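Written below as structure tokens is the structure these notes are about.
The values are calculated or read from the model by the stated rules, or taken from the named source; none is laboratory data. These figures come from a predicted structure and were not determined experimentally. All Cβ positions, even for glycine, are placed from backbone atoms using ideal geometry, and neighbour counts span all protein chains on display.
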């Protein structure tokens with residue numbers, strides 16, 4: 001059975017490109033981040049494949065909207081993460097570009113095909129519940145960037 005990953009286009013290096021972000025909002029209680037919970041029970045950042053003809057920035061905004069219901073404006077590139085995983089006997093190499101994404105509209109919800117839940121988390125809690133070290137690092141980068149921004153105003 002084919003998975004969506006097997007069908008994603010790869011670049012000349014054989015790498016599947018994805019994009020997503022760290023959606024955030026300011027509240028009276030501080031910064032909150034939106035995460036989605038996968039069918040395996042892991043809290044993760046919203047992300048997905050870059051479609052043909054789409055920039056990574058366009059893909060990040062689209063994927064965040066599809067997976068969370070939130071409209072966002074990208075404010076900063078947080079960096080790329082490269083990793084690989086196996087689908088059967090096939091190795092898939094993947095690169096995910098992550099962006100700091102300010103929420104400008106929409107209402108938090110999840111896509112039930114891809115996830116079982118979505119929720120807002122404060123910065124400390126988001127770091128604790130996020131499953132993957134690379135995504136934790138992106139949340140930490142987002143927190144640092146937002147603290148710098150808050151200190152500059």
- Among residues of the stretch 86-99, those that are buried (at least 16 other Cβ atoms within 10 Å of the Cβ) and more than 11 Å from residue 21 (Cβ to Cβ), counted: 3
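Does the stretch 144-152 contain at least one residue that is in contact with a helix residue (DSSP H, G or I) (Cβ under 7 Å, 6 or more places away or on another chain) and at negative phi? Steps first, answer last, please.
Here is the first cut: in the stretch 144-152, the residues in contact with a helix residue (DSSP H, G or I) (Cβ under 7 Å, 6 or more places away or on another chain) are none.
The answer is no, given that none of the residues of the stretch 144-152 is in contact with a helix residue (DSSP H, G or I) (Cβ under 7 Å, 6 or more places away or on another chain) and at negative phi.
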- Query: When you go through 63, 57 one by one, which is the residue that is under 18 Å from residue 119 (Cα atoms), at pLDDT 95 or above and not in a strand (DSSP E or B)?
  - Reply: 63
- List every residue pair whose Cβ atoms lie under 8 Å apart, where the two residues are 6 or more positions apart in sequence or sit on different chains, the first residue falls within the stretch 124-153 and is without any contact (Cβ under 8 Å) to a residue 12 or more places away in the chain, and the second residue, located anywhere, is in a helix (DSSP H, G or I). 136/127
- Query: Here are some conditions: (1) more than 28 Å from residue 14 (Cβ to Cβ); (2) without any contact (Cβ under 8 Å) to a residue 40 or more places away in the chain. Residue 55 meets all but one. Which one does it not meet?
  - Reply: (1)
- Query: Take the residues of the stretch 127-143 that are out of contact with any helix residue (DSSP H, G or I) (no Cβ under 7 Å at 6 or more places or on another chain) and over 16 Å from residue 101 (Cα atoms): which is surrounded by the most Cβ atoms within 10 Å (Cβ to Cβ)?
  - Reply: 129
- Residues within the stretch 63-75 that are over 12 Å from residue 108 (Cα atoms) and within 11 Å of the chain's Cα centre (by Cα), tallied: 1
- Task: Report yes if residue 83 is surrounded by fewer than 12 Cβ atoms within 10 Å (Cβ to Cβ) and within 18 Å of residue 42 (Cα to Cα), otherwise no.
- Result: yes
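May I ask you to list the residues in the stretch 111-126 that are over 22 Å from residue 75 (Cβ atoms) and surrounded by fewer than 20 Cβ atoms within 10 Å (Cβ to Cβ)?
Our first condition is that a residue be over 22 Å from residue 75 (Cβ atoms); within the stretch 111-126, this holds for 111-117.
Answer for the stretch 111-126, where residues must be over 22 Å from residue 75 (Cβ atoms) and surrounded by fewer than 20 Cβ atoms within 10 Å (Cβ to Cβ): 111, 112, 113, 114, 116, 117.
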